[in-house]
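Structure first, commentary second.
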Amino acid sequence: MRGTEMVRYWMRSRFLLIPAVIGVTIAPTSLVGCSLDRAAPVPAARAEVTEISHRRTVCYGQCSAYSLTFRANGQAVFSGEHNVTPLGEHTGTIRREDFDRLVALADAAHFFDLQGPYDQLVTDLPYCYTRITRGAQTKEVTSRCVSLGANMPAGSPAPSALLHLEDAIDEVRRGIAWKRAEASRKKAAEQ
């Protein structure tokens, strides 16, 4: 095209139709992602993780069964059900650096993108239910509990990053000085 003919035609980019200007050439690839209507959106600050919960169920053997909740404010709540110390309702304090490490492991596992349930045809393995709350979003992922230190059954569908997170939660649990919860004391006194 020449001269005034260029004014009559439109160049087509990937996202926008823009008029051609005489003497100026714009490569369509240079416009990718550009917008003439508004500025690019600024990503919102990522909400903070406020709670991490974990529950392990019983198995046919000596598996530990318990549930626990860690909160960002340091509060920890534990309920030992079977083959675990301590049994019953307990409270404790999680150190901020331990909570932050668990959050980092959850982020490394892309926890909020995991699909699950991660199950396998081994009926003697307990289930693990891991739930994390970030802002208004809560996500729970179910898997068969397999410690990375154990011999993992062939074909385990759970991502190793999820197994790392589950093992780390268990490790943090063992490091907390648990105190018997008031409700458990009253219940034990009544019996």
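The values are calculated or read from the model by the stated rules, or taken from the named source; none is laboratory data. Quantities reported herein were computed from a predicted structural model and do not represent experimental measurements. Here the Cβ is made from the backbone with ideal geometry for all residues, glycine too, and neighbour counts use every protein chain on show.
When each of Thr69, Thr29, Thr4, Thr25 is tested for being among the polar types (S, T, N, Q) and at pLDDT 50 or above, the lone residue that passes is Thr69. In the set Ser143, Ser160, Ser184, Ser147, only one residue is of a type in the set (S, T, N, Q), in contact with a Phe, Trp or Tyr (Cβ under 9 Å, 6 or more places away or on another chain) and modelled with pLDDT under 90; that residue is Ser143. Summed over the range 101-137, the residues that are acidic (Asp, Glu) and surrounded by 13 or more Cβ atoms within 10 Å (Cβ to Cβ) give a count of 2. Do you know which residues across the range 88-99 are hydrophobic (A, V, I, L, M, F, W, C) and either out of contact with any Phe, Trp or Tyr (no Cβ under 8 Å at 6 or more places or on another chain) or not in a helix (DSSP H, G or I) (or both)? Listed by number, the list holds a single entry, Ile94. Looking only at the range 62-101, residues that are in contact (Cβ under 8 Å) with a residue 24 or more places away in the chain and more than 22 Å from Lys179 (Cα to Cα) come to 2 in all. Between Leu102, Leu121, the distinction of being assigned to a loop (DSSP other than H, G, I, E, B) and in the same structural domain as Cys59 (by TED's automatic domain parsing) belongs to Leu121 only.
Only residues that are over 12 Å from Glu51 (Cα atoms) and surrounded by fewer than 16 Cβ atoms within 10 Å (Cβ to Cβ) were counted across the range 68-86, and they come to 5.
The residues in the range 87-100 that are surrounded by 16 or more Cβ atoms within 10 Å (Cβ to Cβ) and either charged (D, E, K, R) or in contact with a His (Cβ under 6 Å, 6 or more places away or on another chain) (or both) can be counted, and the count is 2. The lone criterion from (1) assigned to a strand (DSSP E or B); (2) within 17 Å of Val146 (Cα to Cα); (3) among the small types (Gly, Ala, Ser) left unmet by Gly61 is number (1).
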